Each structure stands twice: as C-alpha cells, then as structure tokens.
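The values are calculated or read from the model by the stated rules, or taken from the named source; none is laboratory data. The shown structure was predicted, so the numbers you read here are calculated from the model rather than taken from an experiment. Cβ atoms come from the backbone with ideal geometry, glycine included; neighbour counts cover every protein chain shown. Heads up: the accessible areas ignore ligands, DNA and RNA and are worked out on the full protein's heavy atoms, side chains in. Shrake-Rupley method; radii C 1.70, N 1.55, O 1.52, S 1.80 Å.
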Amino acid sequence: GNLTSALIILYAKSGTFIGSILFFVVLGSLLVGNEFIRNRYSRTYLHVAVWYALLLAYAVVVVPIFFGAIGDFVFLVSVLSSLAVVMILIGTLYAVAARELLARIHQIIATVGIIAAVWTLLYFTGTIPPAPLMLRHIGVYHSIERTAEGDYRGMMEPPFWFELFADTSRTYSYVQGKNAYCASAVFAPANLEAPIFHRWESYDQKEGDWVSNARIPFSIRGGRDNGFRGYTVATVRPGTWRCSVETERGALIGRITFKVVESEVSPATQEVVF
C-alpha cells in the first residue's frame, strides 16, 4: 500500500492526469484493492501479481537512472530486469513450497506475462507517464533572453487571480509581427540526458481538432533541482493554442493551453527570472 501510494505520486508528477488516466486507474485499483480485498491476497498467484506490478512500475523509474537515458531500449531492459527478479521469487517459492505452488505455477507465470505485456502496450501507446522526468515550470512569454549569470529573463503577462497554479497568463496578447515563446523546466535525475520536444498546436474550429504547427527538439541534462530549462519560439495567430512538452516517443510530460487575442498595442508585461 505504501509503495503504491508513492508510485502514484511519482507518476502523477511525471505527466498529465488526462493523458495518463488509464494508467492511474490501474494503479488506483491496486491501492483500493489493498484496503478492501485483503482476504483475496491469501491466494498466492494474486499476491505475486500485485507484487510484480509494483516491481515493474519501480523498475521503469530506476533503470533509466542507471543508464542515464530514457527510450525504448531502456524501457525493455526495465521489463526484462523485472521479469528476471520475479522469476527468482517464483523459483524460491517453488523450492520451499513445491506442493502448494505446483497447482498454481502456470497461472502465476501467465499472470506475470500478461502484466508485462499490458505494461509494454501502455508504454508504446504513450499511456504511461514518462517517469522519472517531471515538469517543474511551463509558461508562454513575449520575450526570453539568457543573462550573463546563466539564468533566463522573460517578459510575460502575469496570470489572473483565478488562474490557479498557472506560471503565466492563459491569455496571450498578440501584436502583429511578434513571436511567442514557450519555456519549460524539466527535472531529471543527475547524469540523465534525454531529448524532449515542444509541440506547438492550434485548435481548428472547423475540424474540431488540434493541428500541429511545429515540433521542436532540444536536449536536457539532469541534476538541477528546479529542472533543466529550455525554450522554443513560434509564430502564432488569434485563436486557442497549446504548447506540449513531450518525450521523443510522444509521451506527454506537461502542457499549457492558452488563448491568443489580437492587440494593437504592446500589453503590460512583468519581468521574471528563472
């Protein structure tokens, strides 16, 4: 139960709830089941299945730290490593209680295999949050420049009082000929390097869907508590826009959605250093 709670918190910080809702339903079911169906845990195959699911979730976070990278290969190593560990557990249980386990051994192995297959499917469909990457900051700015001290100085429209948890305003005042800047800070463990992408999208009212306008890559390096900072620039027009922070595979780390409104004069902005 404690491990499930910790993993839910960790994965919740690594993506968006809407983008990973199926994954959180699975972990949430384990958390609820731990409290309300304890009597079922007397069944060995169920106990091993839950233990393996948590082991796999943990391995997906820890193995990239050892490799200093994320990606398909590292994920598959995480799955194979977790399978090796759970097979050692099953072998140990069989050695000490062969008679009790013999009737369930095929069911246990099949359940473990199904869990690994489902987890792999969730990964390749972008459903699993991209742990251990975590979004620390995201905002839309009118200008950004690097200072001599190595910080970033940005000019932004401050959020309104009702825009809770927003780093910048969700309304961007567009002046003809000016570009918009999307800045993000993504935390990663020390020594981990990975490419991430800013995807700029606008909402097409006629089609009723989002249209990708640009997907701009840059690399991040782990070790900074407040996250590795980076920004991209795009030409916008009036309408609804969003800037998403993604992994190379397209797993969503975080995003900001904002409305672009045309303005004839430069808006009142506030300087921030991050």
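Summary of computed values
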{"quantity": "Calculated FRET efficiency for the pair Ala190/Leu102, C-beta based, R₀ 35 Å, to 0.05", "calculated": "0.15"}
{"quantity": "Area of Leu135 that stays accessible when all protein chains are in place (1.4 Å probe, Å², to 10)", "calculated": "50"}
{"quantity": "Using a Förster distance of 25 Å, the FRET efficiency for Arg153-Arg242 (Cβ separation, nearest 0.05)", "calculated": "0.55"}
{"quantity": "Loop-located trypsin sites (Lys or Arg not before Pro) in the stretch 227-274 whose Cβ has at most 16 other Cβ within 10 Å (DSSP)", "calculated": "Arg249"}
{"quantity": "Accessible surface of the stretch 122-274, 1.4 Å probe, proportion on carbon and sulfur as whole %", "calculated": "47"}
{"quantity": "For the stretch 96-169: Kirkwood Rh in Å [reciprocal of mean 1/r, alpha carbons]", "calculated": "17.8"}
{"quantity": "Accessible surface of Phe124 - all protein chains present, 1.4 Å probe, nearest 10 Å²", "calculated": "80"}
{"quantity": "Per-residue SASA entry for Phe73, accessible area with 1.4 Å probe, Å² rounded to 10", "calculated": "140"}
{"quantity": "For the stretch 63-193, alpha-carbon Rg relative to the globular expectation (2.2 N^0.38 Å, N residues)", "calculated": "1.71"}
